[in-house]
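For reference, the structure is listed below as structure tokens.
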Amino acid sequence: MKQEMSKSEAARRGFLHTVAKAAVAGVALLGARPLLGKEKTATAKSFPTAGYDWTKHRWAYGIDATRCIGCLRCVEACKAENGVSLDAHHFRTWVERYVYLEGEDRARVDSHSDPQNIAASGSEKEYRFDNRYKNKKVTKAFFVPKICNHCQHPSCVQVCPTGATYKTKDGAVLIDHDYCIGCQYCVQACPYGARFFNDEQGVTDKCTWCYHRITKGLKPACVEVCPVNARIFGDMNDPDSDISQFIRNNRVQVLKPETGNGPTCFYIGIDKEVV
């Protein structure tokens, strides 16, 4: 984790924030989108793996909610792999529990950040679901893992005034923290609640599909540790990849298709209550 920002760094971010706000205001008057930011290339300093060609891949993610058991090993692995704060309120991936009780038409929804679940674990650094429905008549229940949807038309990229949030040629949506000024416009623009603000670093954060891993031929940490194979990842340019077979062999759906973001996170086993 980075140390506390110096006065010069804080001043730089403050200046950039002011400039960005002015730029966004100007663009709004012109009725156009911001064109600020640098063009990312395969040789850019922020690119994680030497020799990786992002024009040859088209990554995507799948989630089988019929398999998920709510063990939250994915959350723990993500935090350990990516240095995410260990408290229950900052996360790149999370799991929601949907429970239908007899006589109720709507699901009751909670996640590991729910106060009752935190109390049951005894610590914000340990994640589990409590047993609140032990004596209830449950008609249906399932768990839904969630992450950044790495959209084809990401609204977060559209609103970023500095180009810090950008889409790679292989489908990932990433954040260049050297350019992020912490304005949090992207946090507000994301319809999936997939972004959070890192108070210590003064930047926004989110799931990257473990970009530093997948560009080396590895799976994202959350996929690697899932004990029931509820999380699927792969290259859609490869017809035999896990994700290609998952999409081909199932009737998949995406969250909030009406937004026009075009998510590349595909689900099976969820119902209309899941958004």
Y127: exposed (fewer than 15 other Cβ atoms within 10 Å of the Cβ) and outside any strand (DSSP E or B), yes or no?
-> no
Is there a residue being buried (at least 16 other Cβ atoms within 10 Å of the Cβ) and part of a helix (DSSP H, G or I) anywhere in region 42-62?
-> yes
Odd one out for G182 among (1) out of contact with any Leu (no Cβ under 7 Å at 6 or more places or on another chain); (2) in contact (Cβ under 8 Å) with a residue 24 or more places away in the chain; (3) of a type outside the set (F, W, Y); (4) on the phi < 0 side of the Ramachandran plot | (4)
Quickly run through region 105-119 and pick out the residues that are farther than 14 Å from D87 by Cβ, surrounded by 14 or more Cβ atoms within 10 Å (Cβ to Cβ) and free of Cβ contacts under 8 Å to residues at least 60 places away in the same chain.
-> R108, D110
Of all the residues that make up region 56-94, how many are modelled with pLDDT of 95 or more, more than 20 Å from F129 (Cβ to Cβ) and polar (S, T, N, Q)?
-> 1
Any chance region 229-237 includes a residue that's in a loop (DSSP other than H, G, I, E, B) and within 17 Å of W59 (Cβ to Cβ)?
-> yes
For region 179-194 the number of residues that are touching a Cys at 6+ places or on another chain (Cβ under 9 Å) and of a type in the set (V, I, T) is 1
Residue ID - surrounded by the most Cβ atoms within 10 Å (Cβ to Cβ), chosen from residues in region 75-104 that are charged (D, E, K, R) and under 16 Å from the mean Cα position of the chain (by Cα) | R92
Restricting attention to region 130-156, which residues are surrounded by fewer than 22 Cβ atoms within 10 Å (Cβ to Cβ) and among the aliphatic types (A, V, I, L, M)?
-> V138, A141
Within region 253-269, residues being of a type in the set (A, V, I, L, M, F, W, C), crowded, with 18+ Cβ neighbours inside 10 Å and not in a strand (DSSP E or B) number 1
Can you find a residue in region 68-89 that is touching a Phe, Trp or Tyr at 6+ places or on another chain (Cβ under 8 Å), touching a residue at least 24 places away in the same chain (Cβ under 8 Å) and assigned to a strand (DSSP E or B)?
-> no
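Condition check ((1) modelled with pLDDT of 95 or more; (2) touching a Gly at 6+ places or on another chain (Cβ under 8 Å); (3) closer than 18 Å to Y52 by Cβ; (4) assigned to a helix (DSSP H, G or I)) across all residues:
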position: G163; (1), (2), (3), (4): yes, yes, no, no
position: G171; (1), (2), (3), (4): yes, no, yes, no
position: L174; (1), (2), (3), (4): yes, no, yes, no
position: E200; (1), (2), (3), (4): no, no, no, no
position: T204; (1), (2), (3), (4): yes, yes, no, no
position: C222; (1), (2), (3), (4): yes, no, no, yes
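The values are calculated or read from the model by the stated rules, or taken from the named source; none is laboratory data. As the structure is a computational prediction, the values presented were derived from the model and not from experiment. Virtual Cβ from ideal backbone geometry, glycine too; neighbours counted across all protein chains shown.
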